[in-house]
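Some notes on the structure that comes next.
The values are calculated or read from the model by the stated rules, or taken from the named source; none is laboratory data. Because the structure is a prediction, the values reported are computed rather than measured. With ideal geometry, Cβ positions are generated from the backbone for all residues, glycine too; neighbour counts draw on all protein chains shown.
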C-alpha cells in the first residue's frame, strides 16, 4: 500500500493496518482513535464479519472487496465537518473512474453504477469533553463480488468493478486510488471550504433534482421535490405547499411517476 501511494506522490503520514478478518474496520479505527492514533491512520480488512452501513444496516463484506476505514481529526466548524461523507463520495467516484466505472452519488452515502450499488460510505464521529475528537470514514467498494452469491434482496441491486468492467482489479489498487483522492478533497475542504466540494458532488450526483423523492428517517417519511443540497450537505426537499425542509439524514428513494 505504501509503495502504491508513493507511486502517486504520497508519503503516507500514519500507520496502515491490514487484517484478514475483523468485525468492522470502523470499529477498529475507532479503537485506534480513542488510543490516540494519528490522523490518516488506515484500517483495511479482507473480510468483515459485522460490516454495517448507515442506521445499522448490514453491509455484506465477502472477501475480494474493499473494506477501508480512515481516521481523521478535523479542526473545522461542525458545518464543514458534516461535509466529510460527501468528500468521501467524490473521492471514491473519481477513484473508481480510474478503473473505467462511472459512479454516481446518491445522497447521502451511496455509490451507484447505473442503478446498482457499487459501494457506500459510513462516517462516525467520536466526541469527548472538549467536543469532536475524530471522524472515522468507512468506505466499502464492491470490487470482485458476484451479486449471485449475495442474499436474495441484494442480488438485483448490487454490482461490482468485476461485473462492470469484465476484468479483475486488485483491491490494493482501489484502496490507493481512494486514499489519494480523499487526501486531495480533504485538503480542498480545509483550504477552500464548501463551494468547490459541493460543485464537484453535484456534478456527480444522480440527476434527481426537480424529481419527486421519498426520504425515510426513523419512523418518519417525507415526500417532496428534491431541490439540491445546502452548505452542510443536507438534502433540500420541497414539500407540498412550497415549504423547503433541510434533511440531514435518511434513506432517499426516487418516486417514479406511472
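One line per residue, one yes/no per condition, for (1) surrounded by fewer than 18 Cβ atoms within 10 Å (Cβ to Cβ); (2) without any contact (Cβ under 8 Å) to a residue 60 or more places away in the chain; (3) assigned by TED's automatic domain parsing to the domain that holds residue 84; (4) touching a helix residue (DSSP H, G or I) at 6+ places or on another chain (Cβ under 6 Å):
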residue	(1), (2), (3), (4)
137	no, no, yes, yes
157	yes, yes, yes, no
162	yes, yes, yes, no
167	yes, yes, yes, no
179	no, no, yes, no
193	yes, no, yes, no
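Just for helices (runs of 4 or more DSSP H) wholly inside region 88-205: which have at least 3 residues that are closer than 21 Å to residue 70 by Cα? Working first, answer last.
On the way: elements: 152-155, 161-165, 171-192, 194-204.
Qualifying helices (runs of 4 or more DSSP H): 171-192, 194-204.
For the condition within 13 Å of residue 105 (Cα to Cα) and outside any helix (DSSP H, G or I), what is the one hit in 233, 224, 210?
After applying the criteria, what remains is 233.
For residue 233, indicate whether it is in contact (Cβ under 8 Å) with a residue 12 or more places away in the chain and at positive phi.
On the way: in contact (Cβ under 8 Å) with a residue 12 or more places away in the chain: yes; at positive phi: yes.
Here the answer is yes, as residue 233 does meet what is asked.
State the number of residues belonging to region 195-246 that are in contact with a helix residue (DSSP H, G or I) (Cβ under 6 Å, 6 or more places away or on another chain), closer than 18 Å to residue 93 by Cβ and surrounded by 15 or more Cβ atoms within 10 Å (Cβ to Cβ).
So the first thing to find is which residues in region 195-246 are in contact with a helix residue (DSSP H, G or I) (Cβ under 6 Å, 6 or more places away or on another chain), and the list is 196-197, 200-201, 204, 231-233.
Of the ones still in play, those that are also closer than 18 Å to residue 93 by Cβ are 196-197, 200-201, 204, 233.
Subset that is surrounded by 15 or more Cβ atoms within 10 Å (Cβ to Cβ): 197, 200-201, 204, 233.
Within region 195-246, residues that are in contact with a helix residue (DSSP H, G or I) (Cβ under 6 Å, 6 or more places away or on another chain), closer than 18 Å to residue 93 by Cβ and surrounded by 15 or more Cβ atoms within 10 Å (Cβ to Cβ) number 5.
Within region 37-48, is even one residue modelled with pLDDT of 95 or more and farther than 22 Å from residue 91 by Cα?
Yes: one or more hits.
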